[in-house]
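Engineer: Structure incoming, see below.
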Ligand SMILES: [Zn+2]
Ligand SMILES: [Zn+2]
Ligand SMILES: [Zn+2]
């Protein structure tokens, strides 16, 4: 069989030892098959363990078991108050990279090969005796779709190579964990709720997250061009220039209004303070609009612009041009 380099061996006390720290004269076993390994000690870069030529052990299995043990070890160090683990995710609102720090003491213990529901998980991290997070090591088998929906706890999948390289930095290839926002989105979300509360908008009818699936109405803040107040404004499926009444319960500031500029009536945001219509161009279409990038409806409009839209991404930019050319009077 092909000879491969084994990065870690198991010493006499059962600990994993990297090949570069192996002591001459000590014996090291394979983490997978527990056979005695040969220690190759050239210069530091080429130091490694190897199986005797007649072995049937597989590198895949060795990497998998080594990764599991290293993750287990990292969680135990965290539980003993020694190590921070970093978990890379992305902001649920703006999708920017997010490095979540799990400070020492986040977990209370770890266990390998534990059953969760119908499945055996590679490693489980506990908090107060409760399984909190399953860590699946992706080597040759990704977490299948069936397992991914039926695992009863939060889980992440990381590659064996990445775990061995740095067991304190978890960069998931798949995950089902609690969503979180970056600091600036958290601040903004708080502001949105504050402004909406100020005008008594029911918190149950909107979401402050820019996720079209999180709620029928998505809220943001705009400054009213008329009275200069910070006011809540909303996106829903059907904007811009929505002709059909949006579904109830809806924020009380969404009203059917006539727009001279647009040349017709549509369901629009109005100022919660002075009641004036807030133009859809400014809310959804122009560069830097609060809801820029949210899905737009592509129906045919009956205003004096007589805009027929194509569907897809090009429709938006086409629409922008038409709106700028015909409708927007600065
Ligand atoms: Zn082996
Ligand atoms: Zn963000
Ligand atoms: Zn106003």
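Engineer: How far is the Cα center of region 41-71 from the Cα center of region 81-106, in Å?
Structural biologist: 30
Engineer: Could you state the angle between the C-alpha long axis of helix 59-79 and the longest principal axis of the C-alpha atoms of the chain, as a value from 0 to 90 degrees rounded to the nearest 10?
Structural biologist: Relative to the chain, helix 59-79 is tipped by roughly 70 degrees.
Engineer: Same structure again: So what is the relative contact order for region 151-231, in percent, with contacts set as C-alpha pairs under 8 Å and at least six apart?
Structural biologist: 18
Engineer: If you don't mind, another one. To the nearest 10 degrees, how steeply does helix 183-198 sit against the main Cα axis of the chain, on a 0 to 90 scale?
Structural biologist: Compared with the principal axis, the helix lies near 40 degrees.
Engineer: Same structure again: Rounded, prolate or oblate: which one fits region 63-176, using the alpha carbon gyration tensor with axes a ≥ b ≥ c (rounded when a/c is under 1.5, else prolate when a/b beats b/c, else oblate)?
Structural biologist: The shape class here is rounded.
Engineer: Using only Cα atoms, locate the centre of region 168-205 and the centre of region 215-245, then give the distance between them in Å, rounded to an integer.
Structural biologist: Here the answer is 19 Å between Cα centres.
Engineer: Just to be sure I understand: with springs between alpha-carbon atoms less than 10 Å apart, which residue in 66, 106, 187 has the highest mean-square fluctuation in the Gaussian network model of the chain?
Structural biologist: Result: 187 has the largest fluctuation of those listed.
Engineer: So what's the angle, to the nearest 10 degrees on a 0 to 90 scale, between helix 313-322 and the longest Cα principal axis of the chain?
Structural biologist: For helix 313-322, the angle is close to 30 degrees.
Engineer: If you take every DSSP beta bridge whose two residues both sit in region 191-290, what share of them, in percent to the nearest 5, is antiparallel?
Structural biologist: 90
Engineer: Counting each DSSP H run of 4 or more residues in the chain as -39500 (n - 2.57), what helix-only mean residue ellipticity at 222 nm follows after dividing by all residues, to the nearest 500 deg cm²/dmol?
Structural biologist: Helix-only estimate at 222 nm: -5500 deg cm²/dmol.
Engineer: Can I ask one more? Using alpha-carbon pairs under 8 Å, 6+ residues apart, how would you state the relative contact order of the chain in percent?
Structural biologist: Relative contact order for the chain comes out at 9 percent.
Engineer: Suppose a student asked you for the relative contact order of region 1-104, using Cα pairs under 8 Å spaced at least 6 residues apart; what percent would you report?
Structural biologist: Computed value for region 1-104: 20 percent relative contact order.
Engineer: Moving on to the next point. Under the rule a/c < 1.5 gives rounded, and otherwise a/b versus b/c splits prolate from oblate, where does the chain land using the Cα gyration tensor?
Structural biologist: In terms of gyration-tensor shape, prolate.
Engineer: Once you've got the GNM for the chain with C-alpha springs shorter than 10 Å, pick whichever of 233, 114, 137 has the biggest mean-square fluctuation.
Structural biologist: Its mean-square fluctuation being the largest, the pick is 114.
Engineer: Taking springs between alpha-carbon atoms closer than 10 angstrom, which of 54, 101, 20 fluctuates most in the Gaussian network model of the chain?
Structural biologist: 54
Here, each number is a calculation from the coordinates, and none is a lab measurement. Bear in mind the structure is a predicted one, so any value in this text is a computation, not a measurement.
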